[in-house]
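Any read-out appearing in this document is the output of simple, stated calculations on the displayed coordinates, not a laboratory observation. Being a predicted model, the structure only gives us computed values, none of them experimental. Backbone-built Cβ (ideal geometry, glycine too); neighbour counts: all protein chains shown.
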Amino acid sequence: MTHGTHNAVEDPRNDDILIYVNGELLPRKDAKISVFDSGYLVGDGVWEGFRLHKGVLVFLKEHYDRLFQGAKAVGMDLGMSRDEITQAVRKTLDANEMEDGVHIRVMFTRGIKKTPSQDPRLTISGPNLVIIAEYKKADPESRDRGVKLFTSTVRRGSPDYLDPRLNCHSKLHEVQALIQALEAGADEALMLDVNGFVSTCNATNFFMVKDSEVWTSTGQYCMNGITRGKVIEVCEAVGIPCHQKNFSLYDVYGADEAFVTGSFGGLTPVTAVDGRILAEQVPGPVTKRLQNLYEQAIETESAKLKA
């Protein structure tokens with residue numbers, strides 16, 4: 001059985017959802033994109049995943065900041081403003097009568113190509129926008145059980161050829177890292193940066209706890225996750241020392257606690273890294289406190305935007 005930070009509770013309502021494809025709302029089985037789409041052909045696209053909590057699109061500004069920065073970095077004109085994208089998301093949510101417990105994936109690609117090619121000049125349409133909103137609640141078993149990590153030999157790349165902070169459709173190196181981890185009997189992959197320091201996981205950000213202090217990477221070689229940023233914020237707000245620094249597997253193997261973060265799963269404890277047991281019981285005290293503080297941050301955001 002699949003186990004990891006993206007495990008979701010099965011929800012039969014997802015069988016009949018409507019998916020947004022360039023302004024149209026289509027049944028799941030009919031939602032299709034051309035085989036000449038830039039994303040399909042060469043992974044040329046940017047995306048965001050965020051949550052609907054009690055009617056509120058949580059941390060939307062931060063997600064849009066990252067989306068538009070990524071699009072600008074790759075020279076892609078999304079052709080829509082933030083408000084227009086939000087209107088499209090709301091159209092999708094309203095069509096599906098969704099109000100809570102929903103995960104939304106917003107995906108832009110450069111558009112349809114005249115022929116299979118990397119060349120952006122051969123794009124003959126505007127950007128393609130697909131919005132998938134599903135009823136997805138993280139499986140509580142993952143939080144209760146925790147995840148095991150395995151350090152992959154696949155490194156997070158240097159920013160001079162594919163900046164690891166870019167949330168693009170090209171995720172093959174992360175898939176390769178995960179495959180290594182799965183073959184080693186772990187749940188997800190821990191990835192090092194080009195200098196051998198701990199960077200991130202294949203789909204989440206990594207944190208460790210030592211002597212009641214929280215450590216995470218510098219952020220130079222990892223996706224700067226929205227949840228990662230919120231954890232750093234709440235640490236600062238309540239006086240928990242949180243260091244963005246270089247550290248190695250030597251430090252990880254001696255950690256008191258560890259956890260990973262993501263918009264879907266929130267904070268998920270880590271029980272072992274490379275076969276070395278970090279915790280027999282999870283979550284640890286610092287992780288548990290941060291889980292509660294993060295949930296409070298979501299509630300505060302929701303209440304503020306509803307007011």
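List of remarks:
- A simple count of charges around residue 213, restricted to other residues whose Cβ falls under 14 Å of its Cβ and scoring Lys, Arg +1 and Asp, Glu -1, yields -2.
- Relative exposure of 25, 172, 93, 178, judged by other C-beta atoms within 10 Å (fewest first): 172, 25, 93, 178
- Considering only 224, 283, 264, the residue lying farthest towards the positive end of the dipole of the chain is 224, judged by Cα position with unit charges set on Cβ.
- Mean projected area in nm² (Cα convex hull; one quarter of hull surface) for the chain: 15.9
- A straight line joining the Cα centroids of segment 205-256 and segment 5-38 runs 35 Å.
- Degrees, to the nearest 10: 172-183 long Cα axis against longest axis of the chain: 50
- Within straight-line reach of residue 114, meaning a Cα separation under 19 Å, sit the following aspartates and glutamates at least 8 residues removed in sequence or on another chain: 37, 44, 77.
- Kirkwood's formula applied to the C-alpha pairs of segment 12-137 gives a hydrodynamic radius of 15.0 angstrom.
- In a fully extended conformation the segment linking residue 194 and residue 153 would gain 13.7 nm over its present Cα-Cα distance, using 0.36 nm per residue.
- Other residues whose C-beta falls under 15 angstrom from the C-beta of residue 71 contribute a net charge of -1, scoring Lys and Arg +1 and Asp and Glu -1.
- Three-way shape call for segment 86-237 based on the alpha-carbon gyration tensor, with the a/c threshold at 1.5: oblate
- 22 Å tail of the calculated P(r), segment 156-307, as % of Cα pairs: 39
- With Cα atoms, 0 to 90° folded angle of helix 226-238 axis to the chain main axis: 40
- Each helix, a run of at least 4 DSSP H residues, gives -39500 (n - 2.57); summed and divided by the residues of the chain, these come to -9000 deg cm²/dmol at 222 nm.
- Student exercise, the chain dipole from Lys, Arg, Asp, Glu Cβ charges, in Debye to nearest 20: 580
- Gained length - residue 34 relative to residue 145, 0.36 nm times residue gap less alpha-carbon distance: 35.9 nm
- For residue 45, nonlocal amide neighbours, meaning residues 5 or more places apart or on other chains whose placed amide H falls under 5 Å from its own, are 169, 170.
- Hypothetical label at residue 299: residues of segment 38-56 whose amide nitrogen lies under 20 Å (7 Å Cα-Cβ projection): 51-56
- Taking 4.7 Å between beta carbons as the limit, the unpaired Cys residues of the chain are 168, 201, 222.
- Net lengthening on full extension, residue 80/residue 276 (0.36 nm per residue, minus Cα-Cα): 65.8 nm
- Percentage, to the nearest whole number, of Cα pairs in segment 66-113 over 18 Å apart: 39
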